[in-house]
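Visitor: Let me give you the structure first, and then I'll get to my questions.
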Amino acid sequence: MDSRRVHLFISGRVQGVWYRASMSNEGAKIGLNGWVRNLDDGRVEAVVEGMEDDVEKIITWCHKGPSMARVDDIVVEDETPTGKEPPFKTRY
């Protein structure tokens, strides 16, 4: 199975609703590497790296997010895996 790296931009009601913390917990639970942070424009940005099936799991999770979130759109940009991302965490 191949590794995959994606750069995600999630828009909607995704700040102030525990989206970032919930995604960080989910990514760590799945065993992914990378990070998630809020952007000044109201979106959430994330870089996720791991086994292809696991990356798909977090992308699927991102479409729903935590219960108070409303996800309007997700931009998924594939990148070349680096193998250098730390275990999944929140960036501030």
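Visitor: Enter the accessible area per residue of region 43-92 (Å², integer; probe 1.4 Å; all protein chains in place).
Guide: Using a 1.4 Å probe on heavy atoms only, each residue of region 43-92 averages 62 Å².
Visitor: Right, here's the next one. Taking the Cα atoms only, what angle lies between the long axis of helix 19-30 and the longest principal axis of the chain, rounded to 10 degrees?
Guide: Tilt of helix 19-30: around 30 degrees.
Visitor: Mind checking which lysines have their C-alpha under 24 Å from LYS84, skipping anything on the same chain fewer than 8 residues away?
Guide: Partners within reach: LYS29, LYS57.
Visitor: Leaving out ligands, DNA and RNA, what percent of the accessible area of the chain is carbon and sulfur, probe 1.4 Å?
Guide: For the chain, the apolar C and S fraction of the accessible surface comes to 46 percent.
Visitor: Now for a different question. Would you calculate, for the chain, the mean residue ellipticity at 222 nm contributed by helices, counting each DSSP H stretch of 4 or more residues as -39,500 (n - 2.57) and dividing by all residues, to the nearest 500?
Guide: About -8500 deg cm²/dmol.
Visitor: Antiparallel versus total DSSP beta bridges in the chain: what percent is that, nearest 5?
Guide: Counting DSSP beta bridges with both partners in the chain, the antiparallel share is about 90 percent.
Visitor: Measure nothing fancy, just the Cα-based angle from helix 52-64's long axis to the longest principal axis of the chain, in degrees from 0 to 90, nearest 10.
Guide: Computed tilt is about 0 degrees.
Visitor: Same structure, new question: Kirkwood Rh and Cα-based Rg: tell me the resulting Rg over Rh for the chain, rounded to two decimals.
Guide: For the chain, the value is 0.93.
The values are calculated or read from the model by the stated rules, or taken from the named source; none is laboratory data. No experiment lies behind these values; they were computed from the predicted model shown. Heads up: the accessible areas ignore ligands, DNA and RNA and are worked out on the full protein's heavy atoms, side chains in. Shrake-Rupley method; radii C 1.70, N 1.55, O 1.52, S 1.80 Å.
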